[in-house]
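The values are calculated or read from the model by the stated rules, or taken from the named source; none is laboratory data. Just so it is clear, the model here is predicted, and its values are computed rather than measured. Ideal geometry is used to build each Cβ from the backbone, glycine not excepted, and the neighbour counts take in all protein chains shown.
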C-alpha cells in the first residue's frame, strides 16, 4: 500500500507533532531522587500526528499538516509516518527543533509528561497544496491555531465536517471550540473552559456553543450530548500499561466512525475500543492498534463490558 495522494485524502489532521521518549518506572520520582527506568521506548508523537496514524491503521487515507524540525527527531517522525502510509506533503520543516516529550509511565498506566516545544513560531501559512485536498473530515488538535482558522474557513466553503480535539485548555482552543461541528474534549478542558465543578454541568454549558459535544473522562468513560440525545458510556476494561496517546487515538477513530457513517453510539464505542487498546502497550504511537485488532476486541468485549 503506497501513501495516498492529497486528492485522495479522506481525513486531514492538523496540529502538533512531537517525538516521545517513554520510560517505564515503578513510581514517579520525588524531588532530589534518582530513579532507574525499567524499560524505554521511543516513537513519534503529538495529537494530530497520532490521530493520523490511527486513521491510517484503521485502513483510511489521511494526511498530516504540521511542523517538524530538520533534525534527527523530525526525520524519525517522517520515516514512521511513511511506514504507516500517512501523507506528509503538508508538513513544514525548519531549523527549529522538533518538539520532544519525555514520558514516565507507572505500572498502573498513569503517566507524567514533560514537553519541550519547538522554538519556532506557530505556522504562519499553510502550504498551498492543502487546496488539493477534499477530505470528508478535518481534525484540529487546537495547536497551530493561526493556520487552523484558515482550514476552518476552507472546510466551511467546501462543506467539510470539522472536529476539535481539545485536551489542555488554551486561548486558541477556546476560540476554535464554537466553530467546529464536533467538540471532543477532556474533562480538564471542560472544567477550565466552563468554570463548572461538575462534569454534567460543564457538558450543558459546552452544548450552548456546540451542537455536538463529547467529554472524555479517562477510565470512567465519557459523557455526550448532541441535537438528538445525550448520555454516558463506560470505558472498556483493559490492563492499562501506558495511557499516552489514548486520547489522540480516540479522536482519530472518532473521525473514522464519522466517515463510515456509523450511528452515534457505534462511533463512540469504536473510538473507545481504539483508545483502550492503545493503553495496553508502552509508547503512545506504538500502542495504536490495527483495524482487525479493534474488531476482534469488540467481538470479545461485547458480552462482558456492554
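Figures for the structure shown
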quantity: Pair list, Cβ < 8 Å and 6+ apart or interchain, from segment 249-263 residues that are without any contact (Cβ under 8 Å) to a residue 24 or more places away in the chain to residues that are in a helix (DSSP H, G or I) and buried (at least 20 other Cβ atoms within 10 Å of the Cβ); calculated: 257/267; 257/268; 257/270; 257/271; 262/270
quantity: Residue tally, condition over 23 Å from residue 108 (Cα atoms) and out of contact with any strand residue (DSSP E or B) (no Cβ under 7 Å at 6 or more places or on another chain), over segment 16-32; calculated: 2
quantity: When residues of segment 50-70 are limited to those that are closer than 23 Å to residue 292 by Cβ and in contact with a strand residue (DSSP E or B) (Cβ under 7 Å, 6 or more places away or on another chain), the one surrounded by the fewest Cβ atoms within 10 Å (Cβ to Cβ); calculated: 60
quantity: Residue match in segment 126-142 (condition: closer than 29 Å to residue 242 by Cβ, modelled with pLDDT under 95 and out of contact with any strand residue (DSSP E or B) (no Cβ under 6 Å at 6 or more places or on another chain)); calculated: no
quantity: Odd one out for residue 53 among (1) part of a strand (DSSP E or B); (2) touching a residue at least 60 places away in the same chain (Cβ under 8 Å); calculated: (1)
quantity: Filtered residues of segment 75-84 (kept if without any contact (Cβ under 8 Å) to a residue 40 or more places away in the chain and buried (at least 22 other Cβ atoms within 10 Å of the Cβ)); calculated: 81
quantity: Helices (runs of 4 or more DSSP H) wholly inside segment 228-306 that include at least 3 residues being surrounded by fewer than 14 Cβ atoms within 10 Å (Cβ to Cβ), on the phi < 0 side of the Ramachandran plot and out of contact with any strand residue (DSSP E or B) (no Cβ under 7 Å at 6 or more places or on another chain); calculated: 291-305
quantity: Residue within segment 268-280 that is touching a helix residue (DSSP H, G or I) at 6+ places or on another chain (Cβ under 6 Å) and without any contact (Cβ under 8 Å) to a residue 24 or more places away in the chain present; calculated: yes
quantity: Which numbered condition residue 87 misses (of (1) more than 18 Å from the chain's Cα centre (by Cα); (2) crowded, with 21+ Cβ neighbours inside 10 Å); calculated: (1)
quantity: Any hit, segment 92-106, residues being closer than 17 Å to residue 286 by Cβ, surrounded by 22 or more Cβ atoms within 10 Å (Cβ to Cβ) and in contact with a helix residue (DSSP H, G or I) (Cβ under 6 Å, 6 or more places away or on another chain); calculated: no
quantity: Count of segment 19-34 residues which are part of a strand (DSSP E or B) and under 15 Å from residue 114 (Cβ atoms); calculated: 5
quantity: Residue 73 being under 28 Å from residue 159 (Cβ atoms) and touching a strand residue (DSSP E or B) at 6+ places or on another chain (Cβ under 9 Å); calculated: no
quantity: Output for segment 38-49, where each listed residue is modelled with pLDDT under 90 and surrounded by 13 or more Cβ atoms within 10 Å (Cβ to Cβ); calculated: 41
quantity: Single residue of 115, 159 found to be under 18 Å from the mean Cα position of the chain (by Cα), surrounded by fewer than 17 Cβ atoms within 10 Å (Cβ to Cβ) and more than 29 Å from residue 232 (Cβ to Cβ); calculated: 115
quantity: For residue 125: the one exception among (1) loosely packed, with under 15 Cβ neighbours inside 10 Å; (2) on the phi > 0 side of the Ramachandran plot; calculated: (2)
quantity: Among the residues listed as 203, 183, 152, the single one being under 16 Å from the mean Cα position of the chain (by Cα) and either within 28 Å of residue 128 (Cβ to Cβ) or buried (at least 18 other Cβ atoms within 10 Å of the Cβ) (or both); calculated: 183
quantity: Top-ranked residue in segment 1-37 [being loosely packed, with under 13 Cβ neighbours inside 10 Å and over 20 Å from residue 283 (Cα atoms); ranked as modelled with the highest pLDDT]; calculated: 7
quantity: Of the criteria (1) in a loop (DSSP other than H, G, I, E, B); (2) within 17 Å of residue 165 (Cβ to Cβ), which one residue 37 fails; calculated: (2)
